[in-house]
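To keep things clear, I will list the structure first and then write my remarks on it.
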Amino acid sequence: MADGSDDKGSNRPKLALHVPEPRYRPGDTVDFSHIPISEPGAQPRPDEAAEAQETFPLCNDLIRVLGEDNAAHGPWDPRLDAETLRGMLREMALVRAFDNRMYRAQRQGKTSFYMKCTGEEATSVCATHALAGDDMIFPSYRQQGCLIARGYELTEMINQIYSNKADKLKGRQLPIMYCSKRLSFFSISGNLATQLPQATGFAMASASKGDSRIAATWVGEGSTAEGDFHSALTFATVYNAPVIFNVINNQWAISSFSGFAGAERATFAARAIGYGMAGLRVDGNDPLAVFAAERWAADRARANAGPTLIEHFTYRAEGHSTSDDPSAYRSAEERTEWPLGDPIMRLKNHLIQLGEWSEEQQEAMDKELDEHVRASMKQAEKNGILGHGLHHPFHTMFEDVFEELPWHLEEQAEQAIRERKIKFPEGRPE
Amino acid sequence: MTPPAETMDQERQTGEAKDAGETREMNMIEAINSALDNMLERDDDVILLGEDIGYFGGVFRCTAGLQEKYGKTRVFDTPISECGIIGVAVGMGAYGLRPVPEIQFADYIYPGLDQLISEAARLRYRSAAEFTAPMTVRSPFGGGIFGGQTHSQSPESIFTHVSGLKTVIPSTPYDAKGLLISCIEDNDPVIFFEPKRIYNGPFDGYYDKPAKSWKGFDEAQVPEGHYRIPLGKARTVREGDAMTILAYGTMVHVVESVTRSKGVNAEILDLRTLVPLDIEAIEESVRKTGRCMIVHEATRTSGFGSELSALVQERCFYHLEAPIERVTGFDTPYPHSLEWAYFPGPVRIGEAIDKLLQD
C-alpha cells in the first residue's frame with residue numbers, strides 16, 4: 001500500500017501534489033492582464049488610529065496615487081511639495097546610477113558580489129522619507145535606497161563593497177551588507193527574515209522606555225515563508241509594538257516565483273488579517289503611494305495604535321545578484337510588460353506635469369549623479385579593491401568576536417600572523 | 001559535600017563577595033532569583049522575558065515575585081516562540097537594553113538557534129562593534145528529574161562550538177548568583193545553563209537515596225547583595241594529587257561524592273565557564289597530577305569533553321601518565337524509564353577512576 005500499488009477496494013480519490021509553476025518561462029510571450037490594477041485614487045484612506053480591521057479591504061486592493069495622466073489622485077495623495085518630490089527623484093536616480101556603476105565594478109573584478117534594486121527604488125527611498133531620521137531601519141539586502149535617502153556617503157558604501165582598508169566593517173561582511181548606527185540603519189544579515197523579530201524587539205524596547213522612535217523593517221516576499229516572519233508578527237501584535245513590516249513583493253526570490261511563498265492563494269498584505277494587524281497593499285512603483293502608506297503606518301505606530309504590514313507590489317527588473325542570470329528561468333518580456341511602470345519615470349513625469357521639472361533637467365541630473373558616483377569610486381579605490389592587499393591588519397580578524405580577546409583567539413591570531421610571515425618572508429608588497 | 005573551610009575562603013576571594021550584604025541560606029532557584037532582583041534594581045536597562053516568567057514566576061519559580069516588584073514592562077510573559085524570544089532580545093540589545101530571556105527548557109532552545117548563532121553571536125563582529133547583543137539566555141538543562149528526552153538534554157557543546165557565544169554553567173547557589181550577575185553585566189551574549197537537578201539540593205548520583213536539600217551547605221550561604229564571580233575562572237572543588245577531574249554542573253557533585261566514597265585523592269575542577277575556558281587552571285592541575293578524567297552528562301560524541309580531551313593532550317601530553325578518561329552520557333536520546341541507565345552515575349565514574357589509576 002505504501003507504494004500506492006494496492007488500492008483495490010478503496011473508492012477514495014487519488015491525491016495530487018500541487019507544485020506551483022510561474023506563468024511564463026524563457027522565450028514565452030508575457031501577458032500581465034490577469035493582474036488586477038486598481039484605479040488611482042479610488043482606495044479609501046482610514047484614519048491612522050482606526051481599528052486594524054478597517055484596513056483589511058486594502059489588503060486585497062492596491063493603493064495607487066499616480067495615474068496614467070501623471071497626476072496625483074485621491075485621499076492617499078501625500079501632497080508633498082515640489083522640493084521634496086525632487087529630492088526623492090534625485091535619490092532614486094542616484095541609487096540607480098550607483099547600482100549601474102557597482103554592477104560594472106563587480107564585472108571588472110573589483111569586488112566579489114553586488115545586488116541591484118532596479119525598479120524597486122521607491123520602496124526604500126520613498127519609504128525612508130516617510131520616517132523620522134532616527135527611526136530605526138532593519139533592512140534586508142536590497143535597501144541601499146534607505147541609506148542613500150539618509151545621506152550616507154557613497155565612498156563609505158564603496159569601501160564596504162570593496163572590503164578595502166577603509167571599510168569600517170573591516171572587510172568582514174559580504175558586499176552590500178552595510179551598517180550605520182549613526183544613520184539608525186541596522187547591520188544587514190545574510191540570513192533571511194532574522195531582522196523581523198529584531199525590529200519588533202527594538203520597537204518593544206523603545207515603547208518600554210517611553211521613547212518616540214519606531215522601527216521599520218524590510219523583507220522580500222519569498223522570506224515571509226520563514227518562521228521569523230510569524231514570530232515577529234505575533235510579538236508585534238501581542239505587544240502592540242511600534243513597528244512597520246515592509247514586504248517587498250518583487251515577484252521573484254532568485255529563481256522561485258512568489259507562488260512558492262504562497263502568492264497563488266493570498267496577497268502578502270492579507271497575512272496581516274490573521275494577526276489582527278493593520279495591513280496595506282500598495283503599488284510599489286508609485287513613489288507617492290509608497291510614501292503615503294509608510295507615513296500612515298509611521299503615524300499609526302507613533303500614536304501607539306500598533307504595527308502595520310505593508311506589501312509593496314513591485315517587480316525585480318534585474319537578476320537577484322551578480323551571481324544570478326534571470327534569463328535562465330523567466331521571460332525577458334516580463335520586465336517590459338510590467339504593468340506598473342518604473343518608479344523613477346513615474347515621479348519624473350509627475351514633476352514635469354506639475355511644471356516643476358523638465359527632460360533637460362533630468363538629463364543633466366543623471367549626468368551629474370553619474371559623475372558623482374564615478375568620483376566616489378575613484379576616491380574609494382585609493383583605499384584598495386577586493387583582493388589587492390589593502391585590507392585590514394590580520395589581527396582585526398580576531399577582534400569583535402567578543403568584547404575582549406580570550407586566550408584561544410589570541411593564540412589563533414598569533415598563528416595567522418605567523419603563517420603570513422612564512423608565506424611572505426620579505427613582507428607582502430602592497 | 002562541604003569543602004574545607006579554607007577552600008571556601010579562597011573561593012570567595014576570587015569573587016567580589018565583600019560588601020555584598022547579609023548572607024542568607026538559598027537554594028539555587030532563590031540564588032538566581034536574587035541575582036535577577038539585584039540586577040533589575042541596579043540597572044533600568046535589564047529586562048526579563050520568557051514563557052510563564054511574569055505573573056506566575058516561571059515553571060521553576062526563578063522569577064517569582066519579580067514582575068510584582070518591577071512591573072510588567074520589565075518582567076513579562078512571551079508567546080511560545082523561542083525564535084521570537086531570542087530575536088526580539090537581539091533588537092532590544094540594539095536599542096540599548098540588557099535583556100535576560102528565559103528559555104523554559106534547554107531542549108526548547110533549538111527554534112531560536114538561528115537568532116543565537118547567526119545573529120546574537122555575530123552582531124558585534126559583523127557591525128565592527130557598532131551594535132552588540134548583550135543578552136544572557138537563561139535555561140534549565142540536564143536530566144535526572146524524569147523529564148524524558150525533551151526535558152533532560154545537555155546541549156552545551158552546540159553553543160561552545162559557536163564563535164561569539166559564551167557558555168556558563170554553575171554548580172552551587174553561591175556560584176549561580178555571582179556568575180549570573182557577571183553574565184548579565186557582560187557585553188557579549190551568554191548562554192547560562194542551570195542544572196535543574198541541583199536547583200533544590202546537591203545530587204551525589206545515588207538516585208535511590210532520599211534527595212538532599214541545600215540546607216546546611218556552605219555553598220548555599222548566599223549574600224543578599226550584588227557580587228560577581230568572574231567568567232573564565234574555574235573553581236577548585238577539592239585539591240588532590242591522584243588525578244584531575246574536570247566537571248561542571250550536576251556532575252561536580254557526583255564526582256565529588258564518588259571520589260570520596262572510593263577514597264581517591266582527586267583534584268576536582270568545576271569549570272564554571274566553558275567559553276572562555278580557564279585553561280591555566282586545567283594545565284596546572286593536570287601537570288601536577290599526571291592523570292585526567294572528564295565528566296559530563298551530555299552525549300559523548302562531539303561533546304565538550306572531546307574538546308577538553310584534545311586540549312589536555314595538546315598541552316599536557318608529556319605530563320600524562322595514562323590516557324585521558326571521558327565519562328559521559330550515552331549517544332542516545334535521554335530515555336524516560338531508563339534515565340538512570342543513561343546518566344553517568346557512580347558506577348560509570350567509579351569504573352573510569354579505577355581504569356585511570358591502573359593505567
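Any residue at all in the range A:300-310 that's over 25 Å from A:ALA105 (Cβ atoms), without any contact (Cβ under 8 Å) to a residue 40 or more places away in the chain, part of a loop (DSSP other than H, G, I, E, B) and not charged (D, E, K, R)? Step through it out loud before you land on a result.
From the range A:300-310, those over 25 Å from A:ALA105 (Cβ atoms) are A:300-310; that's our starting set.
Next cut, without any contact (Cβ under 8 Å) to a residue 40 or more places away in the chain only: none.
Checking the range A:300-310: not a single residue is over 25 Å from A:ALA105 (Cβ atoms), without any contact (Cβ under 8 Å) to a residue 40 or more places away in the chain, part of a loop (DSSP other than H, G, I, E, B) and not charged (D, E, K, R).
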Quick one: which of B:ASP241, B:ASP278 is farther than 30 Å from B:ALA211 by Cα, within 14 Å of chain A (Cβ to nearest Cβ) and of a type in the set (Asp, Glu)?
B:ASP278
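Can you tell me which residues in the range B:331-342 are of a type outside the set (D, E, K, R) and touching a strand residue (DSSP E or B) at 6+ places or on another chain (Cβ under 7 Å)?
Across the range B:331-342, the qualifying residue is only B:TYR342.
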(1) β-branched (Val, Ile, Thr); (2) touching a Cys at 6+ places or on another chain (Cβ under 7 Å); (3) outside any strand (DSSP E or B) all hold for B:ILE229 apart from (2)
Counting only helices (runs of 4 or more DSSP H) wholly inside the range B:298-359, the ones holding at least 3 residues that are closer than 24 Å to B:TYR206 by Cα are B:339-342, B:346-358
Restricting the search to the range B:158-192, which residues are of a type outside the set (Ser, Thr, Tyr), within 25 Å of B:HIS253 (Cβ to Cβ) and in a loop (DSSP other than H, G, I, E, B)?
B:ILE169, B:PRO170
Quick one: count up the residues across the range A:249-265 that are assigned to a strand (DSSP E or B), of a type in the set (A, V, I, L, M, F, W, C) and under 16 Å from the mean Cα position of the chain (by Cα).
2
With the requirement that a residue be of a type in the set (Asp, Glu) and modelled with pLDDT of 90 or more, what does the range A:408-430 give you?
A:GLU410, A:GLU411, A:GLU414, A:GLU419
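One line per residue, one yes/no per condition, for (1) buried (at least 18 other Cβ atoms within 10 Å of the Cβ); (2) outside any loop (DSSP other than H, G, I, E, B):
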{"position": "A:LEU15", "(1), (2)": "no, no"}
{"position": "A:THR29", "(1), (2)": "no, no"}
{"position": "A:ALA49", "(1), (2)": "no, no"}
{"position": "A:PRO57", "(1), (2)": "no, yes"}
{"position": "A:GLU68", "(1), (2)": "no, no"}
{"position": "A:GLU83", "(1), (2)": "no, yes"}
{"position": "A:MET92", "(1), (2)": "yes, yes"}
{"position": "A:ARG96", "(1), (2)": "yes, yes"}
{"position": "A:ARG104", "(1), (2)": "no, yes"}
Considering the range B:230-284 alone, what residues qualify as being within 21 Å of the chain's Cα centre (by Cα) and among the small types (Gly, Ala, Ser)?
B:GLY232, B:ALA234, B:ALA247, B:GLY249, B:SER257, B:ALA281
How many of the residues making up the range B:149-183 are over 11 Å from the mean Cα position of the chain (by Cα), farther than 18 Å from B:ARG122 by Cα and within 14 Å of chain A (Cβ to nearest Cβ)?
1
Hey, can you tell me all the residues within the range A:193-205 that are in contact (Cβ under 8 Å) with a residue 40 or more places away in the chain and either surrounded by fewer than 21 Cβ atoms within 10 Å (Cβ to Cβ) or over 19 Å from B:GLY112 (Cα atoms) (or both)?
A:ALA203
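Residue-wise test of (1) under 17 Å from the mean Cα position of the chain (by Cα); (2) in a loop (DSSP other than H, G, I, E, B); (3) modelled with pLDDT of 95 or more; (4) within 13 Å of chain B (Cβ to nearest Cβ).
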| site | (1), (2), (3), (4) |
| --- | --- |
| A:HIS230 | no, no, yes, yes |
| A:PHE235 | no, no, yes, yes |
| A:ALA241 | no, yes, yes, yes |
| A:ILE244 | yes, no, yes, no |
| A:VAL247 | yes, no, yes, no |
| A:THR267 | no, yes, yes, no |
| A:GLY274 | no, no, yes, no |
Of all the residues that make up the range A:197-228, how many are at the interface with chain B (Cβ under 7 Å from one of its Cβ atoms) and closer than 23 Å to B:ALA121 by Cα?
11
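Specify the residue that is nearest to B:ALA120 (Cα to Cα); the eligible residues are those in the range B:68-89 that are assigned to a loop (DSSP other than H, G, I, E, B) and facing another protein chain (nearest Cβ under 9 Å).
That would be B:SER81.
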Which one of the conditions (1) free of Cβ contacts under 8 Å to residues at least 12 places away in the same chain; (2) within 14 Å of chain A (Cβ to nearest Cβ) does B:GLY263 fail to meet, given that it meets all the rest?
(2)
Complete set of residues in the range B:90-148 that are closer than 19 Å to B:ASP77 by Cα, more than 9 Å from every other protein chain (Cβ to nearest Cβ) and part of a loop (DSSP other than H, G, I, E, B):
B:ILE103, B:GLN104, B:PHE105, B:ILE109, B:MET135
Does the range A:143-162 hold any residues that are touching a residue at least 40 places away in the same chain (Cβ under 8 Å), surrounded by fewer than 24 Cβ atoms within 10 Å (Cβ to Cβ) and not in a helix (DSSP H, G or I), and which are they?
A:GLU153
If I filter the range B:254-263 for residues that are of a type outside the set (Asp, Glu) and not in a helix (DSSP H, G or I), do I get at least one hit?
yes
May I ask you to say which residue of A:GLU419, A:GLU404, A:GLU426, A:GLU359 is within 14 Å of another protein chain (Cβ to nearest Cβ), over 28 Å from the mean Cα position of the chain (by Cα), among the charged types (D, E, K, R) and surrounded by fewer than 14 Cβ atoms within 10 Å (Cβ to Cβ)?
A:GLU404
Which condition number in (1) surrounded by fewer than 22 Cβ atoms within 10 Å (Cβ to Cβ); (2) assigned to a strand (DSSP E or B) is the one that B:LEU49 fails?
(1)
Selection count, the range A:180-196, where residues are touching a strand residue (DSSP E or B) at 6+ places or on another chain (Cβ under 7 Å), over 13 Å from A:GLN143 (Cα atoms) and facing chain B (nearest Cβ under 7 Å):
0
Does any residue in the range B:111-136 that is over 18 Å from A:GLN173 (Cα atoms) come within less than 6 Å, Cβ to Cβ, of a residue that is of a type in the set (D, E, K, R) and buried (at least 24 other Cβ atoms within 10 Å of the Cβ) six or more places away or on a different chain, and which pairs are these?
B:PRO111/B:GLU82; B:GLY112/B:GLU82
Right, B:ASP52: under 26 Å from A:ALA205 (Cα atoms) and either within 14 Å of another protein chain (Cβ to nearest Cβ) or of a type outside the set (D, E, K, R) (or both) or not?
no
Evaluate the following for A:LEU174: is it out of contact with any strand residue (DSSP E or B) (no Cβ under 7 Å at 6 or more places or on another chain) and either more than 7 Å from chain B (Cβ to nearest Cβ) or among the polar types (S, T, N, Q) (or both)?
yes
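The values are calculated or read from the model by the stated rules, or taken from the named source; none is laboratory data. This one's a predicted model, so the numbers in the text were calculated from it and none came from an experiment. Cβ coordinates were reconstructed from backbone atoms using ideal geometry, including for glycine residues, and neighbour counts include every protein chain displayed.
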